[in-house]
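Everything below concerns the one structure shown next.
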């Protein structure tokens, strides 16, 4: 598996600004496809089970990276969750590629081995980084053959022309690997949208991007990913400042200050969502996690209050941690669920926190209890919201939207 970690760790952000091929900020629209569209015949219970498993694997991976000073790209690819994918083209002539969209990765990455869809030797715009480039210093990368800069023996850093929705973007730096992908994904490319300087959003130089995710039960309908001037928040949007993790710039952290169930503000310890001095803890908003996962100290309080206000019999043995048996006529009135981020109170629609399970006779809270000291705000809770990541201004904006119409 290719390892590009040295490039990420030892080049400072200031240096990268000069070393990367900077691209003109373009208004770009990329259509995202949910993984469930690949398996239209799956039952809702099976989809829920797969999504729960993916969420837990994602949590394990992200938690493991917080003990380091950067995200190991090879590990990111191995544990990249198949949540949303993007179609684009690489090279000249262009070759179609399907990549995993990941706000928790900093690199654009594709497999370049013989027999894969993209063959760099067939592209007139492919250019490997030479040993004499500023990227390739003996202390951070391998240059064993004396001419080509290698991140490892099985991967190189290069530049290439990418085409998004028919718009060509020349000179993007990306990882070109000859190694096999990990078994955790069926795709051979990754489109990193993280906060590091090698991600797509950083290389484009636009400073912001947005997405609007259609509901999981509309998985056949694409969701828009917008970049540049198209990533404009609605005038009614609420904004919350991004929180910096001093150890890792990749992830997008928000300050979650509380949760309300019905009209009850939960008594959650103030430390539950704080980033500790060693870089652990906090809450990350993440495209690659299906269901929100909360630390146990917060989840336990939420679960108890939600159960009390639902007033329905609790059912065990389901895909989720807290489920209820619904009345025979299907009628019940769930309590409101509001996430209080700094500067933004997100009143979740019912479809963003309740899910049918057990063949439809059971309704579950679509939030999971975590075993780590980290919390993740998943994409199920982000459905039908236009979410703008304004990296330049250091904030994220939320506004309700019908994403299929955006």
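FYI, it's all coordinate maths here, none of it is from the lab. Predicted, not measured: the structure shown is a model, and the values here were computed from it. Using ideal geometry, Cβ is built from the backbone for each residue, glycine included, and neighbour counts are taken over all protein chains shown.
How much length would be gained if the chain were fully extended between residue 167 and residue 280, taking 0.36 nm per residue of separation minus their Cα-Cα distance, in nm to one decimal? Full extension of this stretch gives 36.8 nm more. For the stretch 196-265, the orientation-averaged shadow of the C-alpha convex hull comes to 7.6 nm² (one quarter of the hull surface).
For the stretch 299-362 versus the stretch 374-405, the inter-centroid distance based on Cα atoms is 21 Å. Distance between the pseudo-spin-label points of residue 405 and residue 178 (7 Å out from Cα toward the beta carbon): 5.3 nm. Annotation: the antiparallel percentage among DSSP beta bridges lying fully within the stretch 238-401 is about 85. Label point of residue 221 set 7 angstrom out along Cα-Cβ; within the stretch 33-47, amide nitrogens under 17 Å from it belong to 33-38.
Express the C-alpha Rg of the stretch 241-347 as a ratio against the empirical globular expectation 2.2 N^0.38 Å, rounded to two decimals. Don't jump to the answer; show the numbers that get you there.
On the way: Rg = 15.9 Å, N = 107, 2.2 N^0.38 = 13.0 Å.
That ratio works out to 1.22.
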